[in-house]
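The values are calculated or read from the model by the stated rules, or taken from the named source; none is laboratory data. None of these values were measured; they are calculated from a predicted model. Ideal geometry is used to build each Cβ from the backbone, glycine not excepted, and the neighbour counts take in all protein chains shown. Surface areas here come from the heavy atoms of the whole protein model, side chains and all, with no ligands, DNA or RNA. Shrake-Rupley method; radii C 1.70, N 1.55, O 1.52, S 1.80 Å.
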2 protein chains.
Amino acid sequence: MTISDVAREAGVSVATVSKVVNGRYGVAAATAERVLQIVADLGYETSLVASSLRRSRTNVLGILLAGFDPFAAELLKGISAEAVGKGYELLAYSGAISDDNAVGWERRSLSRLGGTLIDGAIILTPTVSLQGASVPVISVDPHTGTSGSHIVDSDNVAGARTATRHLIDLGHRRIAHIRGRTDLESAHRREHGYRLSLEEAGIPFDPELVRDGGYRSAWSTDAARDLLTLPDRPTAIFAANDLSAFAVLQVAHELGLRVPHDLSVVGFDDIPEAASASPRLTTIAQPLQEMGARAVTMLLALLDGHDAETHVRLPARLVVRKSTGPAPQR
Amino acid sequence: MTISDVAREAGVSVATVSKVVNGRYGVAAATAERVLQIVADLGYETSLVASSLRRSRTNVLGILLAGFDPFAAELLKGISAEAVGKGYELLAYSGAISDDNAVGWERRSLSRLGGTLIDGAIILTPTVSLQGASVPVISVDPHTGTSGSHIVDSDNVAGARTATRHLIDLGHRRIAHIRGRTDLESAHRREHGYRLSLEEAGIPFDPELVRDGGYRSAWSTDAARDLLTLPDRPTAIFAANDLSAFAVLQVAHELGLRVPHDLSVVGFDDIPEAASASPRLTTIAQPLQEMGARAVTMLLALLDGHDAETHVRLPARLVVRKSTGPAPQR
DNA sequence: TTGAAAGCGCTAACAC
DNA sequence: GTGTTAGCGCTTTCAA
């Protein structure tokens, strides 16, 4: 089912069909009507691939991501809600991730789609610089600080500070931290906020209480096990994201520690699953959907040739649920 | 940055570059090495659009959806998890939805991407038949019963029956139902399950207690308001999906009705937000992530030329939370 | 008002 | 071992 099929059926050239389908002028009304009728009968729809190869604009917004995890899913909801009715199609693309291409996926995806398939891109948590992209790009929660493209993120330092402060206010003194992916800016900021709060409260920083979790379940499980089997184990853990916090909850359960009676846990992100964890997770909520929406706004502005803010930073807020409580008495 | 740039830089023809990049035989080792070096230097990546126009296979799986709503998001998580490491790229596509193309989006999307860009498709809640698609298709929770393509869904009748039964067991007798989208098979099945349970309990069916919610927030709000301002209002509402149930919760709150003291509410789907609703929503959980995973398995089987089950139906289960309680005494 | 033809970036026969 | 060439489906000059 191609444009040639339609042309043959209508007894006109493919050029004419193309004009009719795209609403160009210079076609007799009668011809146009006949072609349109055949298009409808045959259910012809112009191939996105072929037309995008030829045209410069496609009206497709690309969302480049490493996988459809809960974080990406929330952002997508916000992106989709904001983009509806604006005349753009959405194309969320996750390249085949394997170990040997785990780094640089964002540039690879951008090269593969950019220039032709998509008019612009929103890239989630890129870790490499995206200078010289062929289309406008908005980075959400990127590694590279303010370098290069336009950025949307949330206030990670303040969020982490609030989380740690919450634990301190509950009387905790031995507060551990499970780090995020050390190649991501957000992870450093969260650790920074954690250390700031300790400092403000006059609690000496203990390097032994900080472990790598890489924002990932498996690593965080190991980290949690290490921390919770320490001779003088922490009474509270601030995990760099919710996934890590879930791992902590799991390990605590295995070790027979009651949360929050024996151990308090705070996460970061407030993915929807946080509310159904057992116990329900106290965490720092990033306004993920709003971040997605803002990214769309910025991208559309860029595509319209307007300026857009270079850096939008949204506030993160503490959501107190059931995984935090007063520090156990010694 | 095209294949010609690489060819020029390497002093070879584009054909040679293509061979090297795709690992074809018939290239001198030295040449291949030089080309690979230039590819790396320039950061060249073959254009998905151009190559897919020429090739028959792209190793891209399409997921066609009407928008990134919570339902789609959960399925995507399952799809993504199952597809990882299988050598396929994922491309979730949501065409521009507006009022005049609201129906038939799935066929339009399929025509636009099919045959060239994607090797196969998973389509979420299609409402029209997809006969004669150019690529293998798996439908998730479709309208058209068993017609045409391969199907994954959950047991809507049993789920609705369980939900209604749960309310009956709590002593409710005036149990209302807010219907789903009447063009969707699932909506009919849920209503059927509701009526089955009433019948089993010997409760006469009252047409006045059934309203259209269309699986949508706005309509459901109206429906809930109608039901709850009835002279003899229901003591329980079974909503056809969680979004509708949220609308009920909202209206109940506005009217000063306490849930579950004055009114019990059950939803359907168990999207993550259900656990954080206030009060936390009792609902029927569809195994959305598993449904997504199964769809991938089936599609990959089809793509490998194997057979796949024509219809996979997964069980739905009751998740009791805080929005249901004993019927109020008269 | 219409159609012929070039070309977007790439791959695959086939010729050299 | 390498290059030439045709062509995937479409849009867009440009000539008829």
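Summing +1 for each Lys or Arg and -1 for each Asp or Glu, what net charge is found among the other residues whose Cβ lies under 15 Å from the Cβ of A:Ala301?
Around A:Ala301, the surrounding residues sum to -3.
When the accessible area of the stretch A:57-134 is computed with all protein chains present and a 1.4 Å probe, what percentage of it is carbon and sulfur?
The computed percentage sits at 49.
Quantify how strongly other chains surround peptide B:85-93 by giving the mean number of their Cβ atoms within 10 Å of each of its Cβ atoms. Numbers along the way, then the final one.
Details: counts 4, 2, 2, 3, 7, 9, 8, 9, 7.
The shielding value for this peptide is 6.
Counting only protein chains, not ligands or nucleic acids, how are A:Tyr215, B:Tyr25 ordered by accessible area (probe 1.4 Å), most first?
These residues rank, largest area first, as B:Tyr25, A:Tyr215.
Set the Förster radius R0 to 41 Å, insert the Cβ-Cβ distance between B:Val128 and A:Arg216 as r into 1/(1 + (r/R0)^6), and round the FRET efficiency to 0.05.
Once rounded, the FRET efficiency stands at 0.50.
Mind pulling the per residue volume of the convex hull built on the Cα atoms of the stretch A:208-312? Å³ is fine.
Working: hull volume 11.3 nm³, N = 105.
Spread over its residues, the Cα hull of the stretch A:208-312 gives 108 Å³ apiece.
If the label for A:Ala201 sits 7 angstrom from Cα along the Cα-to-Cβ line, what are its distances to the same label in every other copy, in nm to one decimal, shortest first?
5.0
For B:Pro328, place a label point 7 Å from Cα along the Cα-to-Cβ direction in every copy; what are the distances to the other copies, in nm, shortest first?
In ascending order, 4.5 nm.
Within a 10 angstrom radius of each residue's Cβ in A:42-53, how many Cβ atoms of other chains show up on average? Whole number is fine.
Numbers: counts 1, 6, 1, 10, 2, 9, 10, 14, 5, 2, 5, 5.
That average works out to 6.
Determine the order of B:Val265, B:Val39 by accessible area, beginning with the largest, at a probe radius of 1.4 Å.
B:Val39, B:Val265
Compute from the Cα atoms of the protein assembly as shown the Rg and the Dmax, the latter being the longest Cα-Cα distance, and quote both in angstrom.
Using the Cα atoms of the protein assembly as shown, the pair Rg, Dmax is 27.2, 90 Å.
Taking amide hydrogens as modeled 1.01 Å from N in the peptide plane, which residues meet the under 5 Å criterion relative to A:Ile123, leaving out close sequence neighbours?
Long-range HN contacts for A:Ile123: A:Leu64, A:Ile138, A:Ser139, A:Val140.
Considering only protein heavy atoms, what per residue accessible area in square angstrom results for the protein assembly as shown with a 1.4 angstrom probe?
42
Counting only residues 5 or more places away or on other chains, whose amide H sits under 5 Å from the amide H of B:Leu130 once H atoms are built in the peptide plane?
Answer set, sorted by chain and number: B:Ser149.
Measuring from a point 7 Å out along Cα→Cβ, what nm distances, shortest first, does B:Ala301 have to its partners in the other copies?
Output for B:Ala301: 5.0 nm, nearest copy listed first.
Percent of Cα-Cα pairs more than 37 Å apart in chain A, please.
Beyond 37 Å sits 33 percent of the P(r) for chain A.
Under a Cβ-Cβ cut-off of 9 Å, what is the net charge of the residues other than B:Ser220 that fall near it, where Lys and Arg count +1 and Asp and Glu count -1?
0
Rounded to the nearest 100 Å², what is the sum over both chains of accessible area buried where B meets A, with a probe of 1.4 Å?
Working: alone 15660 and 15650 Å², together 27860 Å².
Approximately 3400 Å² gets buried when B meets A.
Can you return the lysines within cross-link range of A:Lys86? Criterion is Cα-Cα under 25 Å, with same-chain partners fewer than 8 residues away left out.
Straight-distance partners of A:Lys86: A:Lys19, A:Lys77.
Please report the orientation-averaged projected area of the stretch A:1-125, defined via the convex hull of its C-alpha atoms, in nm².
The orientation-averaged projected area of the Cα hull of the stretch A:1-125 comes to 9.6 nm².
If you put +1 on each Lys and Arg Cβ and -1 on each Asp and Glu Cβ, how big is the dipole of the stretch A:156-286 around its Cα centre, in Debye rounded to 20?
Working: 15 positive and 18 negative charges, 27 e Å.
It works out to roughly 140 debye.
So, R0 is 41 Å and r is the distance between the beta-carbons of B:Arg8 and A:Ala15; what FRET efficiency does that work out to, to 0.05? Spell out each step's value before the answer.
Working: r = 32 Å, r/R0 = 0.78.
With a Förster radius of 41 Å, E is 0.80.
If you count only protein heavy atoms and use a 1.4 Å probe, how large is the accessible surface of B:Tyr88, to the nearest 10 Å²?
Accessible area of B:Tyr88: about 30 Å².
If you average the sequence gap of Cα pairs under 8 Å that are 6 or more apart and divide by the length of chain A, what percent do you get for the contact order?
Working: 648 pairs, mean separation 55.8, N = 330.
It comes to 17 percent, rounded to a whole number.
Closest approach to the B-A rotation axis by any Cβ of B: residue and distance in angstrom?
Its Cβ sits closest to the axis: B:Pro272, 1.
Given a Förster distance of 45 Å, report the FRET efficiency between A:Gln329 and A:Leu196 from their Cβ-Cβ distance, rounded to the nearest 0.05. Let's see the in-between values first.
Values: r = 27 Å, r/R0 = 0.61.
Approximately 0.95, to the nearest 0.05.
In whole percent, how big is the carbon plus sulfur part of the accessible area of the stretch A:217-330, probe 1.4 Å, protein atoms only?
It is 50 percent, rounded to a whole number.
Determine the sum of side-chain charges near B:Glu191: Lys and Arg each +1, Asp and Glu each -1, restricted to other residues whose C-beta is under 14 angstrom from that of B:Glu191.
Here the charged neighbours net out to +2.
Indicate, rounded to the nearest 5 percent, the antiparallel portion of the DSSP beta bridges found entirely in chain A.
Antiparallel: roughly 10 percent of the beta bridges in chain A.
With labels modelled as points extended 7 Å from the Cα through the Cβ direction, what inter-label distance (nm, one decimal) is found for A:Thr229 paired with B:Arg317?
3.1
Sorted by accessible area (1.4 Å probe), largest first, how do A:Trp105, B:Trp219 line up?
Greatest to least solvent exposure: B:Trp219, A:Trp105.
Give the separation of the Cα centroids, the stretch A:121-187 to the stretch A:208-243, in Å.
19
Keeping all protein chains in the complex and leaving out DNA, RNA and ligands, what accessible area do you get for B:Glu208 with a 1.4 Å probe, in Å² to the nearest 10?
The accessible area of B:Glu208 comes to roughly 100 Å².
Under the definition of partner shielding as Cβ atoms of other protein chains within 10 Å of a residue Cβ, what is the mean value for peptide A:273-285?
Average neighbour count from other chains, rounded to a whole number: 2.
Which residue, A:Leu255, A:Leu36, A:Ala218, has the largest displacement toward the positive end of the dipole of chain A when charges sit on each Cβ (Lys, Arg +1; Asp, Glu -1)?
A:Leu36
Find the relative contact order for the stretch A:184-330 and round it to a whole percent, using C-alpha pairs within less than 8 Å whose residues are 6+ positions apart.
Worked out over the stretch A:184-330, it gives 20 percent.
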